[in-house]
Amino acid sequence: MCGIFGILLANASDTPDPKRILRATESLRHRGPDAVATHCQPGVGLGHTRLSFVDLDARSNQPFWDGSRRYSLVFNGEIYNFRELRAELQAEGVKFHTTSDTEVVLELLLHRDFSEALNALEGMFALALYDCQERTLLLARDRFGMKPLFIHENSRHFLFASELKALKPWITPSADRFTVGAYLLNFSGPTSGHSFFESVAAVEPGQMVFKRAGHPAEAYSFARLEDFLSADALDGCRRKSPSTMIDHVDELLSESVRAHLLADVPVGAFCSGGVDSSLIMAMAARKHNNLAIFHANVKGRWSEFDAASELARYLRLDMKSIDVEEHDFIDFMPRTIAHFEQPFAETPNCVPMMRVAELARDSGVKGLLSGEGSDECYLGYPWLGRKRLTDAYYSAGQKLGSLVRMIPGIGEILLPPADRSGANVREIMSRCEMSGDKKRIEAAVASLRAHGASIHHAWTLEYLHHHLRILLHRNDTMGMAGSIESRFPFLDHTLMRTAVNM
């Protein structure tokens, strides 16, 4: 995991201030404490902080250049199928000088159509490719939004960064009044296209942004989560018996866990005590001798320490734990918000996650497997089990209310119409982020009803959008606060395709 920063000036003869580039890059050091590097030349400046996982040699530090020194890549993320992609490129005659995934990403972008290259990447990423000759930038973010990428554009320069704080040497941040208004009306925060700061946008998950110096940036979608839903996959799932489907998912998840353990440094696992992380941990323990596992014991009636300890004993693993007391949620809040970079809404467990990330870092571990994404993939949230009942209840209530309001003269006195103005204003102020997702999902499901697409497929896709993006933001920011990379085996593309179509 890393931090990236860059600036592209409209005037090619100007050189960005190296001190400000270094200051912006240094603000991301917690994301990559192993190496910090910047590059300045007329018209452009790049910065990178590295958390080394694969090919620890300095030859893989970034900004990373191709052999001609025309193209430079700054890349934040982890590509789990880079060895397979490397083999394909080598078969085409491409020469490699490192064993890193960074070089594979660069060469793939140079030898494939951009959309094809990005779709081939199995993993998480936010990246920027600079072409010195054409003075262009290509930026892209993985389809789930696991890695953050913010941009700011005006007539003088174009900025990008992993975190908002890296933009401060160049702009004076001010609150975005629309986003703040939506938040105060119970919107949990932007995760796609916008931020809490005026004139700072978030690259959308599955989006690439093309920027040519002196021209406005152009955005294109290369992948959407509803693309996982397909006629062939739906038909294939329907043909499998429940026991066959269980075996199939078990095989895919096991293979994903194996791939997510790939690293030249120690990788451990979160041990929360819940079903999802316990399953990941048990699978990882089969493939990894003496897997390091870590637990945040939130003291009180919500503690999962006993369940986590019991599993650790069963797997014969040494669990390291840190206690989180009630006062910690107050004491650590300023620091937590500084990393989260937006107000809290649905993520009070940021403090335990940051504390356990620091525990893992101090124990010599750099990455932790997480069960995030499982409840969204498999509808594991308890309230979804009774959703049909509650939906029917509210629907009946609305119909009854409509009948009452039809009583001449007194209907609307007895039961005034529901006031949806607050919800409508919230939707407008949030730039229709959630309703936009919902419309695309409904269209995808409706087009495949003949193949068995149903409301359950829609629920899965809905939870994989804004809801999951908020959780991934928490995982990224709180893990990176402790210089820890969170990895998500449940979000493997092949496994996800099966989950979405089940």
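Values computed for the structure shown
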{"quantity": "Meets criteria (surrounded by fewer than 20 Cβ atoms within 10 Å (Cβ to Cβ), within 30 Å of L185 (Cβ to Cβ) and modelled with pLDDT under 95) for E304", "calculated": "no"}
{"quantity": "Pair list, Cβ < 7 Å and 6+ apart or interchain, from the range 434-461 residues that are over 13 Å from N501 (Cβ atoms) to residues that are open to solvent by 60 Å² or more (accessible area, probe 1.4 Å) and not in a helix (DSSP H, G or I)", "calculated": "R440/R224"}
{"quantity": "Candidate set: the range 123-145, residues that are in contact with a Ser or Thr (Cβ under 8 Å, 6 or more places away or on another chain) and in contact (Cβ under 8 Å) with a residue 60 or more places away in the chain; chosen: the one farthest from P16 (Cα to Cα)", "calculated": "G145"}
{"quantity": "Residues being over 21 Å from the mean Cα position of the chain (by Cα) and within 21 Å of D323 (Cα to Cα) - total across the range 252-273", "calculated": "1"}
{"quantity": "Residue within the range 384-407 that is within 18 Å of H295 (Cβ to Cβ), open to solvent by 50 Å² or more (accessible area, probe 1.4 Å), outside any helix (DSSP H, G or I) and modelled with pLDDT under 95 present", "calculated": "no"}
{"quantity": "Matching helices (runs of 4 or more DSSP H) fully within the range 418-502 where at least 1 residues are of a type in the set (V, I, T) and crowded, with 19+ Cβ neighbours inside 10 Å", "calculated": "433-446, 455-462, 468-481, 493-501"}
{"quantity": "Condition met for G93 (over 25 Å from the mean Cα position of the chain (by Cα), open to solvent by 10 Å² or more (accessible area, probe 1.4 Å) and within 11 Å of E103 (Cα to Cα))", "calculated": "no"}
{"quantity": "Of all residues making up the range 343-382, the number that are more than 16 Å from S272 (Cα to Cα), open to solvent by 40 Å² or more (accessible area, probe 1.4 Å), touching a Phe, Trp or Tyr at 6+ places or on another chain (Cβ under 9 Å) and part of a helix (DSSP H, G or I)", "calculated": "1"}
{"quantity": "Within the range 9-46, considering residues that are over 15 Å from A166 (Cβ atoms) and open to solvent by less than 10 Å² (accessible area, probe 1.4 Å), the one nearest to the chain's Cα centre (by Cα)", "calculated": "V44"}
{"quantity": "Unmet criterion (only one of (1) of a type in the set (A, V, I, L, M); (2) farther than 30 Å from E226 by Cβ; (3) in contact with an Asp or Glu (Cβ under 8 Å, 6 or more places away or on another chain)) for A444", "calculated": "(2)"}
{"quantity": "Where a residue in the range 186-202 is among the charged types (D, E, K, R) and its partner, wherever it lies, is open to solvent by 20 Å² or more (accessible area, probe 1.4 Å), with Cβ under 7 Å and at least six apart", "calculated": "E198/S174; E198/A175"}
{"quantity": "Residue, most open to solvent (accessible area, probe 1.4 Å), within the range 208-217, restricted to residues that are outside any loop (DSSP other than H, G, I, E, B) and among the aliphatic types (A, V, I, L, M)", "calculated": "M208"}
{"quantity": "Residue count, the range 104-123 (criterion: within 13 Å of Y80 (Cα to Cα), of a type in the set (A, V, I, L, M) and either at pLDDT below 95 or surrounded by fewer than 23 Cβ atoms within 10 Å (Cβ to Cβ) (or both))", "calculated": "1"}
{"quantity": "L368 being closer than 24 Å to S256 by Cβ and under 19 Å from the mean Cα position of the chain (by Cα)", "calculated": "yes"}
{"quantity": "T49 being outside any helix (DSSP H, G or I), open to solvent by 10 Å² or more (accessible area, probe 1.4 Å) and hydroxyl-bearing (S, T, Y)", "calculated": "no"}
{"quantity": "Test: residue in the range 8-30 that is within 19 Å of N61 (Cβ to Cβ) and part of a loop (DSSP other than H, G, I, E, B)", "calculated": "yes"}
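Yes/no per residue for (1) farther than 30 Å from E122 by Cβ; (2) among the aliphatic types (A, V, I, L, M):
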site: V257; (1), (2): no, yes
site: H260; (1), (2): no, no
site: A269; (1), (2): no, yes
site: V275; (1), (2): no, yes
site: R286; (1), (2): no, no
site: S321; (1), (2): yes, no
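The values are calculated or read from the model by the stated rules, or taken from the named source; none is laboratory data. The structure displayed is predicted, hence computed values, not measured ones. Positions of Cβ are generated from backbone atoms using ideal geometry, with glycine treated the same way; all protein chains shown enter the neighbour counts. For accessibility, only protein heavy atoms count, side chains too; no ligands or nucleic acids. Shrake-Rupley method; radii C 1.70, N 1.55, O 1.52, S 1.80 Å.
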